[in-house]
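Undergrad: This is the structure I want to talk about, given as structure tokens.
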Amino acid sequence: MGLREDLDRFREVGERRRDDLTEFIRYGDLGGSDADSIRVPIKMIDLPEFAYDPRDRGGVGQGDGDTPDVGQPVGEPQPADGDDDGDDDGEPGDEAGDHEYYEMDPEEFAEELDEELGLDLEPKGKEVVEEVEGDFTELTRAGPDSTLDFERLFKKGLKRKLATDFDEEFVREAMRVEGATPDAVFRWCREQNVLVSRAWIDDEWASIPDEERGRWESFEEMAGSVERTTTAERIRQDGIQEVPFRREDERYRHPEVVEETEKNVVVVNIRDVSGSMREGKRELVERTFTPLDWYLTGKYDRAEFVYIAHDAEAWEVDREDFFGIRSGGGTRISSAYELAAEILEERYPWAEWNRYVFAAGDSENSSNDTKENVVPMMESIPANLHAYVETQPGGTAINATHAEEVERAFEDETGVVVTYVSDPADVTDAIYRILSTEDTE
Amino acid sequence: MRDDRINARREATRLTEPVEEAANLARKLGLEPYPVNYWIVDHDEMNELIAYGGFQERYPHWRWGMAYDRQQKQDQFGMGKAFEIVNNDNPAHAFLQESNSLADQKAVITHVEAHADFFANNEWFGLFGDGQGDDRSDLDAAAMLERHGETIRSHVEDPDIDREEVERFIDAVLCLEDTIDQHRAFARADERRESDAPPDLRERLDDLDVSDDVRRQAFDEEWLDDLAEAEEAAARLDEPHADVLAFLQEHGRQFDEETGRAEEFDPWQKEVLDILRTESYYFAGQKMTKVMNEGWASFWESLMMGDENFADGDEFVTYADHMARVLGSPGLNPYKLGMELWEYVENVTNRREVVDNLLRVEGVTWRNFHDVIDFEEVAELLAPDPEIESVTAETLDDLDPSDPRVDADAVERARDGDMDVNVDRYPWKVLTTAGLAERHFSLCRPQNRGFLRRIPRAELERLARYMFDDAKYDTVADAVGAVDYTVGWERMRELRESHNDVTFIDAFLSEEFVTENDYFTYEYSEATADFRVASTDPEDVKKKLLLQFTNFGKPTVAVYDGNFENRNELLLGHQYNGIALDIEQAKQVLERTYDLWGRPVNLMTVVTEYDEHELEIARRRNREPTPTEVGRRIRYDGEEFETHELDPELKERIAAADIDYDTKPDEWLS
């Protein structure tokens, strides 16, 4: 069947029809995704057709045991039961509410976002060094027996043997030449590239009976009559009697030390959850922070997140709760920075971690807190980047000056960025500004 | 398909007998199915067949890939319940999944036999053939679809044709695949409807035998020419062309970027358009009879499996479970709705037969019917004769071969010990259709007790009104004895020939049915911004239900003019029935229609709008705002859309005055 091909074509078509990321971040449903897989809805995957407006069409429902009263809400209408025996291609209305998703991992997300927003963030700052035992490729002269490099020892010994091996019979014949002296034999042998030692000749000299001396007129005559054997022939013939192992050849293996560099990042997300942070503002924070989290997860080898909610007090929360919390209290932004400083100090030392500290809120703060506490704290917490995202749908309120004060205080510094989001359309710009700012140190 | 596999072969062997006997039983019950070829397939192949709409070969297109992808995902989450596929072909092809239990296989087989009967006898299926529904021997659907697949594949692979362009063209046609004239025979669907243009007055004058003198004086030629032209133009608009695909086939063009003009289609484009339109007509029959067809198959499946014991003892438990799941799935379930409608038809017909006879008993009138008839007695009298009700090898000798309820030939063979007629296993073999009808007479079923008694007085009166022979029987026993047990099934067979879902539901969805099943309609409330129960009136429910089946559940769009405003623009009209179009989707369809017309395209429709003032008042008074219905013409010229007010005269033409599927009550939510 050509169905495999059709499936491939479908995937290609689906890919083309996927929501572009900008749209997705600004208006899409971010809730269907998690840190491992980002689900981008695919636009209108099926072909369009002349169809009724689903709202205007209404429908027929079935009560559960009794007929409901007129005017009662029915919830989202259930699509008609799908067809299951294939002799029909489509039930009226059964496509309603169907969503297809394109799934991508954070790496792909980061790559796509780079492309889409023209970003170019290279994870830098510290490269954390870690020592890892590498392969057993280093050698020492001492060590436990189990790590003895026997292969090397054997090879060395063998080499040694080969280097000292010579044709003993040939040298003995040389000793039988008329008028030969040990010295003359040694010199002649060396000329013939026979690796015999003078000591060996001296040792052997007495073992030749006198009547045998003078068997040959000269060395030349002897060499012409006696056949020499090569080392290989001798080994083949006699085998290797012994390999001269020497202590000096012994080597012990031990592991190499490799310096592994891992790019670690910790992102501190701070959010104002006080009474003034209504639904609209909250959503803008989520739309800005969530893609930032995904992006940094995709860029770094290891990413950890800290979520801090605050009103006048600050407390650490789980991600699931972070965007949902609402409290009634006032606002003191410095409380969050105090907690952030504590957590970073304790768990994520600056020497080992890249740090991002993102805070968001509607810029309302208790009087003088920004100037007296927050700004000094931001200065004192070392980080790749400090960001403040003001989410204020419909412009700034009069008392809400936190963002401006921060901006003014850090006018000339590179490691701090302040952005304003008043509308979902601003979200991608804010993300761009944040990710394209980096402390150049 | 893959006969080489051991499992498939084993399964095939195991199913040989059930397959043969199910076909025999179906015929005994009065069905006339196409012969069915059964194929054993594995799970993957089943998914592939489902994606391809029940066939093994289709043209290359991504939508099959999409269907396959969905099917696989459903499967993964355990939602897939693919039990059977059968396609409309002669012989029909049915696919059985190798891993099904024997009980499931038998259920599928009986279900399939009934589908094959429906394919063979329903006239709406017949429309694809020569239109008469008589001779469908030439229907070779699988081969046709395979041929289509090869042709389109050859265009896709043709190096001279851009593959993307072929796909784009197919997409464009598929967007319009349901805008056909599915109520007409395929062979003649592209001809214009009769009385297309009125005959020229000159011909009429000829017919009237008007003398040349009178003619010359009364009607000068120029006037006659003008009249003919005007009438033709009017006719063009009066009779919209429902088969949009045929119209495009005849008059469509492609826009040529280079010349900047509309040019003739390329030969491959014509061929693709023709193929896709043909397939639309082929599949239309199925789409139009879904409820009836599924109901029909479930009805006979249930009778064969349950009542005729086609499933053995423990198989029956599995089967009952399966059936409960199929019929019990939530939402509007075509199996359940269809089966219940068929049972209603059967019961009502049988009841009429019995009551008609009872009213002919001396002394019984429609007024005293409920007082003088002893329903217990009638029930006993109606019960099938014992020798028909339970047939075993021992009772074989009690059967009278001359009894019309008995299959004399089979009885003889059974008595001779013919192993083919195993009475203990298949008692139906020695009975005729009449005998089986008595055996399974619907009014004798426990769940239908009381149905006779519940006959409304109005119906009694109607039956009695023109009854002359009203003292035909002396006793109730005589009257019941004369009951023809086969009328119910006969009536059902008649209806399965002539009806489609719309007419069937319209005719047989009773008030009782709607109330008993707690059906209601819902509509969207602007005031509360959600869907609310709008009506529980059976008429409203029926209306809303019919909307889901009329024209495949989609709005009717037809060609109103191919030379709109003398500029060669296409004018499509949405025939408004009170429910607005999905405008965004409609615009996307227009963009693609442009690819098939090559010149600007227009769509007339009616939209419902709410003016600010009205919304404000409604909000303040806490009531539903009253919409204004406004005519609109959306025009697409290849680059952008324009929306115009619709000429009131044209609005008149597309807005049906007599139908409105909106079921919102006047005083809602107050």
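The values are calculated or read from the model by the stated rules, or taken from the named source; none is laboratory data. Predicted model, so just to flag it, every value in this text is computed and none were measured. Cβ sites come from the backbone with ideal geometry, for glycine too, and all protein chains shown count toward neighbours. All accessible areas refer to the heavy atoms of the entire protein, side chains included, with ligands and DNA or RNA removed. Shrake-Rupley method; radii C 1.70, N 1.55, O 1.52, S 1.80 Å.
Undergrad: Which net charge results for the neighbourhood of B:V354, defined as the other residues with beta-carbon distances under 12 angstrom from its beta-carbon, given Lys and Arg at +1 and Asp and Glu at -1?
TA: +1
Undergrad: Please find the FRET efficiency linking B:I659 to A:S422, where r is the Cβ-Cβ separation and R0 is fixed at 35 Å, and quote it to the nearest 0.05.
TA: 0.10
Undergrad: Note down the net charge around B:E494, summing +1 for each Lys or Arg and -1 for each Asp or Glu among other residues with Cβ under 15 Å from its Cβ.
TA: Computed value for this residue: -4.
Undergrad: Let me ask you something else. Rounded to the nearest percent, how much of the accessible area of region A:263-436 (1.4 Å probe, protein heavy atoms only) is carbon and sulfur?
TA: In region A:263-436, the share of accessible area belonging to carbon and sulfur is 42 percent.
Undergrad: Using a probe radius of 1.4 Å on heavy atoms only, what accessible surface per residue do you get for region A:263-436? Whole Å² is fine.
TA: Value returned for region A:263-436: 39 Å² of accessible area per residue.
Undergrad: A further question on this structure: Straight-line reach only, C-alpha to C-alpha below 16 angstrom: list the lysines that A:K263 could link to, leaving out same-chain residues fewer than 8 apart.
TA: List returned: A:K124, A:K126, A:K299.
Undergrad: With unit charges on the beta carbons (Lys and Arg positive, Asp and Glu negative) and the dipole taken about the Cα centre of region A:145-254, which residue among A:F154, A:S218, A:I235 sits farthest to the positive side?
TA: Working it through, the farthest residue towards the positive pole turns out to be A:F154.
Undergrad: Would you mind giving the total buried accessible surface between chains B and A, with a 1.4 Å probe and ligands, DNA and RNA left out, rounded to the nearest 100 Å²?
TA: The summed interface area works out to 7100 Å².
Undergrad: Can you pull the mean other chain C-beta count within 10 Å for peptide B:43-56?
TA: Per-residue shielding by partner chains comes out at 3.
Undergrad: Let me ask you something else. In whole Å, what are the extents of region A:227-340 along the principal axes defined by its C-alpha atoms, from largest to smallest?
TA: Each principal axis gives a Cα extent; for region A:227-340 these are 108, 26, 17 Å.
Undergrad: Here's another thing I want to ask about it. Just how large is the dipole of region B:570-657 about the Cα centre, in debye to the nearest 20, putting +1 at every Lys and Arg Cβ and -1 at every Asp and Glu Cβ?
TA: Rounded to the nearest 20 debye, it is 300 debye.
Undergrad: Counting only protein heavy atoms, what percent of the accessible surface of region B:549-654 is carbon or sulfur at a 1.4 Å probe?
TA: 41
Undergrad: Report the FRET efficiency, 1/(1 + (r/R0)^6), for B:I583 and B:D385, where r is their Cβ-Cβ distance and R0 is 51 Å, rounded to 0.05.
TA: Once rounded, the FRET efficiency stands at 0.20.
Undergrad: For region A:263-436, just say rounded, prolate or oblate: build the C-alpha gyration tensor, square-root its eigenvalues into a ≥ b ≥ c, call rounded for a/c under 1.5, and beyond that prolate if a/b exceeds b/c, oblate if not.
TA: Rounded.
Undergrad: Please give me the summed charge of the neighbours of A:G324: other residues whose Cβ is under 12 Å from its Cβ, Lys and Arg +1, Asp and Glu -1.
TA: -2
Undergrad: In region A:143-239, what trypsin sites (Lys or Arg not before Pro) fall in a loop by DSSP, with at most 14 other Cβ atoms inside 10 Å?
TA: A:R213, A:R228
Undergrad: How high is the FRET efficiency between B:N37 and B:D424 when r is their beta carbon distance and R₀ equals 45 Å, given to the nearest 0.05?
TA: So, using R0 = 45 Å, E works out to roughly 0.90.
Undergrad: Roughly how crowded by other chains is peptide B:139-145, in terms of the mean Cβ count from those chains within 10 Å of each of its Cβ atoms?
TA: 0
Undergrad: Per-residue mean of other chain beta-carbon atoms within 10 angstrom of the beta-carbon, peptide B:293-301?
TA: What the average comes to for B:293-301 is 1.
Undergrad: Can you order the peptides B:498-509, B:292-303 by their average number of other Cβ atoms within 10 Å per residue, highest first?
TA: Ranked from most to least packed, the peptides come out as B:292-303, B:498-509.
Undergrad: Given 0.36 nm per residue, what is the gain on full extension from B:N309 to B:A324 after removing their alpha carbon distance, in nm?
TA: Going from the current span to full extension adds 3.7 nm.
Undergrad: Which lysines, if any, have their Cα less than 29 Å from the Cα of B:K270, not counting same-chain residues under 8 positions apart?
TA: B:K287, B:K554, B:K587
Undergrad: Same structure, new question: Where only protein heavy atoms count, and the probe is 1.4 Å, what is the accessible area per residue for region B:356-463 in Å²?
TA: Per residue, region B:356-463 has 52 Å² of solvent-accessible surface.
Undergrad: Quick check: pseudo-label points 7 Å beyond the Cα along Cα→Cβ at B:E616 and B:T278, how many nm apart are they?
TA: 6.2
Undergrad: Something else: Exactly which chymotrypsin sites (Phe, Trp or Tyr not before Pro) in region A:248-355 are in a DSSP loop and have at most 16 other Cβ atoms within 10 Å?
TA: The qualifying sites are A:W350.
Undergrad: State, to one decimal in nm, how far the label point of A:R247 lies from the label point of B:E17, with both points 7 Å from Cα in the Cβ direction.
TA: Going from the A:R247 label point to the B:E17 one covers 9.1 nm.
Undergrad: Sticking with the crude label model, points 7 Å out along Cα→Cβ, report the distance from A:E413 to A:E345 in nm, one decimal please.
TA: Here the answer is 1.8 nm between the modelled labels.
Undergrad: Along the positive direction of the dipole of region A:263-436 (beta-carbon charges: Lys, Arg +1; Asp, Glu -1; about the Cα centre), which of A:T419, A:S334, A:H310 reaches farthest?
TA: Final value for the positive-end residue is A:T419.
Undergrad: May I pose another question? Starting from the Cα of B:E362, move 7 Å in the Cα-to-Cβ direction to define the label point; list residues of region B:440-479 whose amide nitrogen is under 15 Å from there.
TA: The answer is B:469-479.
Undergrad: Another question, if that's okay. Is there a quick way to get the dipole size of the protein assembly as shown? I mean about its Cα centre, with the Cβ of Lys and Arg at +1 and of Asp and Glu at -1; what is the value in debye to the nearest 20?
TA: Around 2080 debye, computed over the protein assembly as shown.
Undergrad: Mind ordering B:637-645, B:391-399 by average Cβ neighbours within 10 Å, highest first?
TA: B:391-399, B:637-645
Undergrad: Further, regarding this structure: Sort out for me the Cα centre separation of region B:397-456 from region A:48-68, rounded to whole Å.
TA: The distance from the Cα centre of region B:397-456 to that of region A:48-68 comes to 44 Å.
Undergrad: Another question, then. Which order do the peptides B:368-375, B:357-364 come out in when sorted by mean C-beta neighbours inside 10 angstrom, highest first?
TA: For the peptides B:368-375, B:357-364, the packing ranking is B:357-364, B:368-375.
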